[in-house]
Amino acid sequence: MQTVQRAPMPLRILRSRAGGVLPILAILAVLLVLVAVRQPDFLAPPSLLSFLGRSAPIILLAAGQYFVIVSGEFDLSVGSLVTAQVVVAARLIDSDPSRTWPVVAVLLVGGAFVGLVNGLVTTRLRVPSFITTLGMFLILVGAVYLWSDGAPKGGLSEEFRRFGRRAFEDVPVLGRVPYALVVLLVVAALAVLLMRSDFGRTLVAVGDNPRTAELSGVPVWRTRTIAFVLSGLAAAVAAILLGGYSGVSFQAGAGLEFGAITAVVLGGVALGGGRGSVVGAMLGALTLELLFTLMNFYGVSGALRSTVQGAIILIAVAVSGLRFSSR
Amino acid sequence: MSGISFLPARRPVPGVFVALTLVLAIGWLVVEIDGGQLFNQSTTVSLLHVAAGLGLVAVGQTLVILGGSLDLSVAYVLSLSTLVAAETMNGRDGALLPAIGLALTVSAGVGLLNGLLVTKLRINAFIATLGVGLLLKGYLDNGYDGPAGSTAPSLVQTLGYQRVGPVPLSFVLLVVVTGAVWFTLSRTRFGHHLVAIGGDPEVARLSGVRNDRVLVTAHVLCALCAGLAGIYLASRLGSGAPRVGTEGLYDLESIAAVVIGGTALAGGRGGVIGTVGGVVLLASIDAIFNQLEVDAFFKQVIRGAIIIAAVAIYARRALRKADS
């Protein structure tokens, strides 16, 4: 963890512009062209919309992770939180449709609560967030296995699953619009609004320089705690969509935390905080998903997914780092 | 991070040993009441075996964390090392030394890559080593479905299962490696430079320390330790295991052991003796719960809580010291 170098004001403006969404849009455009060459059908509204719907969970997680990262912390617990939520939902609903809405509420409250605990332990007890959320990861995985005796129990109701796999049918022009996509658009709009509000500016300021923020009267601990709560909430929504789309398993959220962090960094957000936009983070997640789709089209083995993910993240970060240091 | 300590072992008895003594005392009492025996031959041996594997990785991890870096790729390096070693040996005693050499060389190569990415390309260590880890994961997932190769019988008999009284040879290896790393940190220029970089890279650079070279060396040593742990695990399992590193959570647990051992995650403060204390603490909790036949999943919950609590206590202490 290297200390972030503070640049003088004019340079910092350049940097924030450099950390904008243009590079990730360029990568996205290149990938779209590659996809179009190989599989032109993919760009037709129905398949494109269902792709966006499928990508909704990881994009939501990236947005949640963005809030935490831009405030200068990490959240490694989101993958295990998603798993825990999916398994808990199945057991609580137990295939009883009437329990759908109460359980959705329970999941949202649960996600916010886990975020609150992460935030308070990190800010009030001064435990590095890496350790806090790693501990939370172990606790959640252990607890969920313990609670279900090693195998998921119960089942999700069709009412619950529809968020992840049903769609508005027969929409003019577009055809089929997945519910997940609508949820994604609503959350994305809320996230953008939030980052444009006073809170958003405070959040970035806290990540950029907590000391200065503190001295200007910002309650740093409260701001960071809220960021963790937002990440927990995003994980809850992602879990609802994922549970619906791919069903109940202990692997539901495995590895999603690193996926979300990769996406955020790919979207031009600096680890350590203070730089990057939530739109960039979400576009980063979309790019990553598109890349995996592209690999499918070109017949690359699924086992190599992580190699590609690793290579992409290294190249993206190295290139942006070189650009900064050449200034 | 004010006031750089050039003496990594300034506090020779970190709080982790107090915690370890307490845990062992309470654990012994509870197990005794439960009608079991905590310190019989077989539990002690298995405790030390667990500690040896995690310990080797954590000792290496201490080096990079002290220097203000971090290595998330160790779990994959470890898995890779078991495979390289076991496949090269292929059950032949004659190939023992070349296989160990090759496994360590491959590991060192990964460490070199990590180090260069962190220093020359200035990629955040978290991202750089995560990226390298993912590269290796893809290679392992793509090439291996299950165990492969076969460890030389002579290695299995010695490093894997031989012991001196209740102390396994592998734990002796851990003690030797820890001693060497302790000496390096407290008595050599490299060690002092590494701690100085972890304390404040800019000040270290201005004082004439070659930051890049020192950090790259630390990363290579860290990967070598993970590679050594891989050879040990290959000797325990009798073959190469492509998922052993990740399933054992060696990446995250080694970092947890380092931090429980009193090394600051931000670098510049701590030492390798504390890390071994942290490893033995984690292994002891494991052994106590095994004796009490506590559910494995409950064990994990407690583990997570202990890691957070331990670090919270350190943070509280540091805060109090800053106030006074």
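The values are calculated or read from the model by the stated rules, or taken from the named source; none is laboratory data. Just so it is clear, the structure is predicted and the values come from calculations on it, not from any experiment. Counting neighbours? That spans all protein chains shown, and the Cβs are built from the backbone with ideal geometry, glycine included. SASA here: full protein model, heavy atoms, side chains in, ligands and nucleic acids out. Shrake-Rupley method; radii C 1.70, N 1.55, O 1.52, S 1.80 Å.
Listed values, structure above:
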{"item": "Residue check, residue B:104 surrounded by fewer than 22 Cβ atoms within 10 Å (Cβ to Cβ) and closer than 19 Å to residue B:242 by Cα", "result": "yes"}
{"item": "Set A:211, A:201, A:196: member being within 14 Å of chain B (Cβ to nearest Cβ), modelled with pLDDT of 90 or more and either touching a Phe, Trp or Tyr at 6+ places or on another chain (Cβ under 6 Å) or farther than 29 Å from residue A:89 by Cβ (or both)", "result": "A:211"}
{"item": "Flag for residue A:305 being open to solvent by 30 Å² or more (accessible area, probe 1.4 Å), within 30 Å of residue A:89 (Cα to Cα) and either at pLDDT 85 or above or within 13 Å of chain B (Cβ to nearest Cβ) (or both)", "result": "yes"}
{"item": "So residue A:274, is it surrounded by 24 or more Cβ atoms within 10 Å (Cβ to Cβ) and part of a helix (DSSP H, G or I)", "result": "no"}
{"item": "Lone qualifier among B:78, B:113 - being hydrophobic (A, V, I, L, M, F, W, C), open to solvent by 10 Å² or more (accessible area, probe 1.4 Å) and in a helix (DSSP H, G or I)", "result": "B:113"}
{"item": "Any hit, segment A:223-245, residues being within 14 Å of chain B (Cβ to nearest Cβ), surrounded by fewer than 24 Cβ atoms within 10 Å (Cβ to Cβ) and not small (Gly, Ala, Ser)", "result": "no"}
{"item": "Residue ID - nearest to the other protein chains (Cβ to nearest Cβ), chosen from residues in segment B:265-286 that are assigned to a helix (DSSP H, G or I) and either open to solvent by 20 Å² or more (accessible area, probe 1.4 Å) or acidic (Asp, Glu) (or both)", "result": "B:286"}
{"item": "Subset tally (residues that are touching an Asp or Glu at 6+ places or on another chain (Cβ under 6 Å) and within 14 Å of chain B (Cβ to nearest Cβ)) for segment A:69-121", "result": "2"}
{"item": "First in segment A:20-31 and open to solvent by 50 Å² or more (accessible area, probe 1.4 Å), second anywhere and part of a helix (DSSP H, G or I) and of a type outside the set (S, T, N, Q), Cβ under 7 Å, 6 or more apart", "result": "A:25/A:283"}
{"item": "Qualifying position, being touching a residue at least 40 places away in the same chain (Cβ under 8 Å), more than 14 Å from the chain's Cα centre (by Cα) and either surrounded by fewer than 24 Cβ atoms within 10 Å (Cβ to Cβ) or closer than 24 Å to residue A:134 by Cβ (or both), among A:45, A:40, A:57", "result": "A:45"}
{"item": "Filtered residues of segment A:137-183 (kept if within 14 Å of chain B (Cβ to nearest Cβ), open to solvent by less than 40 Å² (accessible area, probe 1.4 Å), at pLDDT below 85 and in contact with a Lys or Arg (Cβ under 8 Å, 6 or more places away or on another chain))", "result": "A:148"}
{"item": "Residues that are in a helix (DSSP H, G or I) and farther than 16 Å from residue B:271 by Cβ, drawn from segment B:52-75", "result": "B:52, B:53, B:54, B:56, B:57, B:74, B:75"}
{"item": "Qualifying residues in segment B:295-312 (those that are over 12 Å from residue A:126 (Cα atoms) and among the small types (Gly, Ala, Ser)) - the one farthest from the other protein chains (Cβ to nearest Cβ)", "result": "B:296"}
{"item": "Residues of segment A:122-136 satisfying the condition of being at the interface with chain B (Cβ under 7 Å from one of its Cβ atoms) and either outside any helix (DSSP H, G or I) or not β-branched (Val, Ile, Thr) (or both)", "result": "A:125, A:126, A:127, A:128, A:130, A:134, A:135, A:136"}
{"item": "Residue B:259 vs. criteria facing another protein chain (nearest Cβ under 10 Å), of a type in the set (A, V, I, L, M), out of contact with any Phe, Trp or Tyr (no Cβ under 6 Å at 6 or more places or on another chain) and under 28 Å from residue B:185 (Cα atoms)", "result": "yes"}
{"item": "Unmet criterion (only one of (1) touching a Pro at 6+ places or on another chain (Cβ under 7 Å); (2) within 14 Å of another protein chain (Cβ to nearest Cβ)) for residue B:125", "result": "(1)"}
{"item": "Criterion violated by residue A:262 - all others in (1) open to solvent by less than 10 Å² (accessible area, probe 1.4 Å); (2) more than 13 Å from chain B (Cβ to nearest Cβ) satisfied", "result": "(2)"}
{"item": "Search result, residues across segment A:214-247 that are under 30 Å from residue A:90 (Cα atoms) and β-branched (Val, Ile, Thr)", "result": "A:225, A:226, A:229, A:237, A:240"}
{"item": "Filtered residues of segment B:314-324 (kept if open to solvent by 40 Å² or more (accessible area, probe 1.4 Å) and within 9 Å of chain A (Cβ to nearest Cβ))", "result": "B:314, B:316, B:318, B:319"}
{"item": "Criterion: out of contact with any Leu (no Cβ under 6 Å at 6 or more places or on another chain) and of a type in the set (A, V, I, L, M, F, W, C) - qualifying residue of A:35, A:68", "result": "A:68"}
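Yes/no matrix, rows are residues, columns are (1) at the interface with another protein chain (Cβ under 7 Å from one of its Cβ atoms); (2) open to solvent by 60 Å² or more (accessible area, probe 1.4 Å); (3) out of contact with any helix residue (DSSP H, G or I) (no Cβ under 7 Å at 6 or more places or on another chain):
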position: B:119; (1), (2), (3): no, no, no
position: B:132; (1), (2), (3): yes, no, no
position: B:138; (1), (2), (3): yes, no, no
position: B:142; (1), (2), (3): yes, yes, no
position: B:149; (1), (2), (3): no, no, no
position: B:157; (1), (2), (3): no, yes, yes
position: B:166; (1), (2), (3): no, no, no
position: B:174; (1), (2), (3): no, no, no
